[in-house]
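Reading through the C-alpha cells given below for one structure.
The values are calculated or read from the model by the stated rules, or taken from the named source; none is laboratory data. Note that the coordinates shown come from a computational prediction; the quantities given were computed from them, not determined experimentally. Don't worry about glycine lacking a Cβ; one is built from the backbone with ideal geometry, like all the others, and counts go over all protein chains shown. Accessible surface is based on the protein model in full, side chains and every heavy atom, while ligands, DNA and RNA are left aside. Shrake-Rupley method; radii C 1.70, N 1.55, O 1.52, S 1.80 Å.
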Amino acid sequence: MPDWSYQTIFRPLFFQMSDDRAKRFALSSMNRLYHLPFGKKLIEWMGHMAPHPAYQTKLCDHTFASSIGISSVVDHEWLGVEPFSLFGAGFIDLGIVTLQARAGEVRSDRALKRLTVNDPWANAGVEVLLARQKDWRLQTPVMVGLGHAKDADIKAATTERLHLMEMLHEKVDFFVVPMPEADDSAYEKWKQHLKQLRERCSQLGKPLLLSLSIYDQLNHSDLESLCKEIQVEGIVLNDLKREAEGFVFGDADSVSDMVEWIEQLHNRDIPLIASSSIHEPNHAQKLMNAGATCVQLDSGLIFSGPGLPKRISEYTWQSQQKKEQTTPTTKPVTMGWIFALLLALSLIGIGLTAWYVSFEPVIFPYDEAITGVSKEELMQLNDRLIPFMGHDRITLAGTTLSLGIIYIFVAVFAIRKQFHWAYMLIYVSSVFGFMSLFYFLGHGYLDPLHLFLAVFMFPIFLLYIQVAGKHFRATTSMNKGNTAKWKLALWGQLSFVILGAALLLGGVVISFIGMTEVFVPEDLKFLQLQPEELEQTDPDIIPLIAHDRAGFGGTLIAVGLAVLLLALWGFREGEAWLWWTFCLGALPAFISGIGIHFYIGYVDWVHLAPPFIAVGLYVVGLICSFAYLHAPKRVA
C-alpha cells in the first residue's frame, strides 16, 4: 500500500470499516502478500524504500539502516512485522509482551488523528510471538518491551521479566522496560528490580532501554540520575497520556511537548528514541533537532501512510546536508549518465528515421527482397494494406521517440545525480526493449535493421551498466508535510502509475497478438480482407506485418516500464523536470498513435478507446501533480 494508493483508495475504504476490521484486513493482507512467491520483492519494488547507507545511524553499538523505527502498537498479534521491515525502517518495536495474553483494543479518533487503547500492554502473549518468530527472516533489529501480569508485585514482575528474557533473547536485539507510574510507593524496590534486569541483559549481551511517557511526573534530574545509576543504554520516550476514555497516543500537541521535554535534558549523551504522533517529515525533523537519536512511528502509518518512513529519511537527510552545507555525497561523479544519454539519442534517431519511413516509402527494399512482393503488388492486392502497415510503423516510431525523451530527462536530471532508482529504471526498461529482438522466434521475421540497431546499441548499454552501476547517492526530498499539494499530487501519481501499468499490459497483449493472431477484428474490418487472402499471395506478408506489430508491443513494454517506474520511484516535491518528462515524453506516442488512425481513415472507436483513456490518465496526472512537482525549491 504505497501512499499513492493508501491515501487515495485504501485509507477512505478502511475509514468506512470498524477499527478492528480495518486493522485485521490491512495487516493480514500485507502478511499474505509478503509470503506469496516474489511477494517480498514486489513490496520492495513498488516502494523502492530500502534505506541508502547514508541514512544509517548508531544506537548502543548497533547500526540501524535508518533512524526511523516502526512501532507495533496497533499490531498486538505481530502480523505485520515482516512487511513493516520493508518500509524503510531501521528497527521494529514489537511493543510490550507478557507471558499470558492481555486483551485490548485500539480505537482511532479520525478527527484528532490519534489512537486510544484501553490497555497499553495488550498483546497476544509470548507463545504467539515465539511462534511468529520461527518463520521470520528479519534483517531489521528488533526491540521488545518486557511486561508482566496485572497486579503483579515486584518479585513476580522480576520473575516474569527474567523468564521473558530467557525465552526471547535469541531473536531480540533490545529489551525495553516501562517506567512504573509516578505514584508507585515501591519505587526503591523497583530500582533494585531494574538493576537485576540490567545485570541479566549484560550477561546476554543485550542493551536495556527505559521507556516512559513525557507526561509522567518524573523530573529530568531524577531520570538522569536513575539512568546513570542503573546504566541503562537509552530512553524510549512516548506520548502516552491517560484520559477518561483510555490511554491516548498521538495528542495534537505531543510533538511540541516532546521537543520541549528533550530540550530540558542536561545529559545529551543519553540515546533517545522519540515515539510521538509523527505524521509528517517535519515532525521527525523537529524531534531530531531537539536531540532525539531516532524516531518511532505509530499512528503516523495509519493517518499518513506506509511511505512515511521513506519521506522522513529523505527529508531529514536533505535537512542535514543543508545544515552542514555539504554536497549530498562525496562519491565521485561518474560518466554513466553519458551512456544513458547516448542510448536516449540513439532512440531519438531511430524514432525520427522510422517516422519518416512510415510515410514514404513504408516498405524497405529488404522487406521486398525477403517477401518477394513489391510495394506496388501489395497496393494492387489491397489499397489499404500499405497505409495499414504505415500506421503500425509510425505508432512504433512515436513510441520510440517517447522512450528516447524519457531517457534523456532521466539521464540528465537523475542518473547524472547518481540516484539508484534512475539507474534501475533505464536498466529494467532497456532489458525488456532488447528482448523484443527475439520476437522473431514467434512471428518468423528477422528484421535486418532491427538486428543492426540492437547490435549497435547493446555495447552502449553494457557500458552504461558498467559505469553507472557503481556509485549511488542518497535520495533527498524537500517534502516536509502532508499539504494539500501533496494529497492532490498523490492522485496524479496514481494516474501515472495506472497509465504506466496500462501501457505495460498493452505492450504485452500487442506483443502476444503480433506473434500469434497478428490481426484484431477491427484491423480486418478496416482492411476488408481476410488473412487467408494474404497467405495465398505470399506466406511472408503476414510475418512482415507481424514483426511491426510485435516490435511496437515490445517498445510499448519498455515505455510502460519507464513511465511506471518513474511514477513509483521518482515522484518528489519540487522536481519540475519530472512533470516535463511526463508531459513531453508522452506527446510523440499519443500524436502518432492517435493521429495516424485519423490520417488513414482507420477510425474505430472501440479500437481507439484505450489510447483515449490513456490520454485521460495523462491529463489528470499532469493537472493533479503540477503544483507539487513545480513547488519552488526551499532551504530546509
Query raised in the report: So is Ala284 closer than 30 Å to Asp392 by Cβ and either at pLDDT below 95 or open to solvent by less than 20 Å² (accessible area, probe 1.4 Å) (or both) or not?
Result: no
Query raised in the report: If we scan the stretch 380-395, do we find a residue that is open to solvent by 30 Å² or more (accessible area, probe 1.4 Å) and under 22 Å from Leu446 (Cβ atoms)?
Result: no
Report task. Find the helices (runs of 4 or more DSSP H) located wholly in the stretch 437-532 whose residues include 2 or more that are touching a Lys or Arg at 6+ places or on another chain (Cβ under 6 Å), and list them. Result -> none
Query raised in the report: Identify, please: which residue in the stretch 436-457 is surrounded by fewer than 14 Cβ atoms within 10 Å (Cβ to Cβ) and at pLDDT 90 or above and is, among those, farthest from Ile513 (Cα to Cα)?
Result: Phe456
Query raised in the report: Which fully enclosed helices (runs of 4 or more DSSP H) of the stretch 539-636 have 1 or more residues being under 30 Å from Gly444 (Cβ atoms) and in contact with a Pro (Cβ under 8 Å, 6 or more places away or on another chain)?
Result: 541-569, 576-600
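Okay, residues lined up against (1) buried (at least 17 other Cβ atoms within 10 Å of the Cβ); (2) more than 30 Å from Trp45 (Cβ to Cβ); (3) of a type in the set (Ser, Thr, Tyr):
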residue	(1), (2), (3)
Ser511	yes, no, yes
Glu532	no, yes, no
Gln536	no, yes, no
Leu544	yes, yes, no
Gly551	yes, no, no
Leu561	yes, no, no
Ala567	yes, no, no
Report summary line: Of (1) in a helix (DSSP H, G or I); (2) open to solvent by 30 Å² or more (accessible area, probe 1.4 Å); (3) under 26 Å from Ala489 (Cα atoms); (4) not aromatic (Phe, Trp, Tyr), Ala50 fails just (1)
Report task. Among residues belonging to the stretch 302-313 that are crowded, with 24+ Cβ neighbours inside 10 Å and in a helix (DSSP H, G or I), point out the one that is modelled with the lowest pLDDT. Result -> Ile302
Query - Boolean, Phe519 is within 21 Å of Ser429 (Cβ to Cβ), surrounded by fewer than 22 Cβ atoms within 10 Å (Cβ to Cβ) and more than 28 Å from the chain's Cα centre (by Cα) - result: no
Report task. Inspect all residues belonging to the stretch 258-267 and state whether any of them is open to solvent by 10 Å² or more (accessible area, probe 1.4 Å) and under 33 Å from the mean Cα position of the chain (by Cα). Result -> yes
Report summary line: In the stretch 472-494, residues that are open to solvent by less than 30 Å² (accessible area, probe 1.4 Å), more than 14 Å from Phe626 (Cβ to Cβ) and among the hydrophobic types (A, V, I, L, M, F, W, C) total 3
Query raised in the report: Is it the case that Ile623 is open to solvent by 20 Å² or more (accessible area, probe 1.4 Å) and either aliphatic (A, V, I, L, M) or closer than 25 Å to Asp3 by Cβ (or both)?
Result: yes
Query raised in the report: List pairs: first in the stretch 600-611 and closer than 21 Å to Met389 by Cβ, second open to solvent by 60 Å² or more (accessible area, probe 1.4 Å) and assigned to a helix (DSSP H, G or I), Cβ under 8 Å, 6+ apart or cross-chain?
Result: Asp604/Lys525
Requested in this report: Determine the pairs where a residue that is touching a residue at least 12 places away in the same chain (Cβ under 8 Å) and more than 24 Å from Thr116 (Cβ to Cβ), located within the stretch 58-76, has a partner that is part of a strand (DSSP E or B) and among the hydroxyl-bearing types (Ser, Thr, Tyr) with Cβ atoms under 9 Å apart, the partner being 6 or more residues away or on another chain.
Outcome: Phe64/Thr57; Ala65/Thr57; Ser66/Thr57; Ser67/Thr57
Query raised in the report: For the stretch 287-301, how many residues are touching a Ser or Thr at 6+ places or on another chain (Cβ under 8 Å) and either modelled with pLDDT under 90 or surrounded by fewer than 23 Cβ atoms within 10 Å (Cβ to Cβ) (or both)?
Result: 5
Report task. Of all residues in the stretch 382-434, count the ones that are part of a helix (DSSP H, G or I), over 28 Å from Leu534 (Cα atoms) and in contact (Cβ under 8 Å) with a residue 24 or more places away in the chain. Result -> 30
Report summary line: Residue hits (the stretch 139-162; assigned to a loop (DSSP other than H, G, I, E, B) and open to solvent by 40 Å² or more (accessible area, probe 1.4 Å)) are Gln139, Ala149, Lys150, Asp151, Asp153
Requested in this report: Just give me the residues in the stretch 187-214 being open to solvent by 60 Å² or more (accessible area, probe 1.4 Å) and closer than 30 Å to Ser254 by Cβ, in sequence order.
Outcome: Tyr187
Query raised in the report: What residue, among those in the stretch 255-281 that are hydrophobic (A, V, I, L, M, F, W, C) and either farther than 26 Å from Thr483 by Cα or part of a strand (DSSP E or B) (or both), is modelled with the lowest pLDDT?
Result: Leu265
Query raised in the report: Only one residue in Glu376, Glu324 is closer than 23 Å to Leu446 by Cα, surrounded by fewer than 24 Cβ atoms within 10 Å (Cβ to Cβ), modelled with pLDDT under 90 and among the charged types (D, E, K, R). Which one?
Result: Glu376
Report task. Consider Leu168 carefully, then state whether it is at pLDDT 85 or above, open to solvent by less than 20 Å² (accessible area, probe 1.4 Å), in contact with a Ser or Thr (Cβ under 9 Å, 6 or more places away or on another chain) and under 30 Å from Ala22 (Cβ atoms). Result -> no
Report task. Return a yes/no flag: does the stretch 52-64 have any residue that is more than 25 Å from Ala157 (Cβ to Cβ) and aliphatic (A, V, I, L, M). Result -> yes
Query - Residue ID - surrounded by the fewest Cβ atoms within 10 Å (Cβ to Cβ), chosen from residues in the stretch 54-88 that are closer than 18 Å to Asp269 by Cα and hydroxyl-bearing (Ser, Thr, Tyr) - result: Thr63
Report task. Filter the stretch 172-195 down to residues that are under 18 Å from Leu99 (Cβ atoms) and either outside any helix (DSSP H, G or I) or modelled with pLDDT under 90 (or both), then give me how many there are. Result -> 5
Report summary line: Flagged in the stretch 220-254 as modelled with pLDDT of 85 or more, in contact with a strand residue (DSSP E or B) (Cβ under 7 Å, 6 or more places away or on another chain) and part of a strand (DSSP E or B), in numbering order, are Gly234, Ile235, Val236, Leu237, Asn238, Lys241, Gly246, Phe247, Val248
**Report entry** Selected residue (criterion: farthest from the chain's Cα centre (by Cα)) from residues of the stretch 393-448 that are farther than 30 Å from Met49 by Cβ and of a type in the set (Val, Ile, Thr)
**Finding:** Ile394
